[in-house]
Amino acid sequence: MRLQKAWLRSQINMHARSLQTIAEQRENDFQAECILHREVTAMRSKLQSL
């Protein structure tokens, strides 16, 4: 019983770390998407002004 609880705790911790990593990656992806969107918008504006 104790071994099973210890194993379950380790699994929960491992999955929690994985979820944290995924959340951080999503935040990074969102920031990169915002930067790219601004750049594309600026390029379109420059193109239209030519």
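Of the accessible area of the chain, with the probe set at 1.4 angstrom, what percent is carbon plus sulfur?
Heavy-atom surface of the chain belonging to carbon and sulfur, 1.4 Å probe: 60 percent.
Hey, got the Cα dimensions of the chain along the principal axes, in Å, largest first?
Result, largest extent first: 73, 8, 5 Å.
Taking the solvent-accessible surface of protein heavy atoms with a 1.4 Å probe, what is the per residue accessible area of the chain in Å²?
On a per-residue basis, 103 Å².
Kindly write out, for segment 30-41 in residue order, the coupling ³J(HN,Hα) from the Karplus curve 6.51 cos²θ - 1.76 cosθ + 1.60 (θ = phi - 60°), rounded to whole Hz, with x marking Gly and Pro.
Karplus-based 3J(HN,Hα) across segment 30-41 equals 5, 5, 5, 4, 5, 4, 5, 4, 4, 5, 5, 4 Hz.
Calculate the FRET efficiency for Ile12 and Leu36 from the Cβ-Cβ distance with a Förster distance of 30 Å, rounded to the nearest 0.05.
According to the calculation, E is roughly 0.25.
The values are calculated or read from the model by the stated rules, or taken from the named source; none is laboratory data. Every value quoted in this text rests on a predicted model; they were computed, and no experiment measured them. In this analysis, Cβ positions are derived from the backbone assuming ideal geometry, glycine residues included, and neighbour counts consider all displayed protein chains. Note: areas computed on protein heavy atoms with side chains; ligands, DNA, RNA excluded. Shrake-Rupley method; radii C 1.70, N 1.55, O 1.52, S 1.80 Å.
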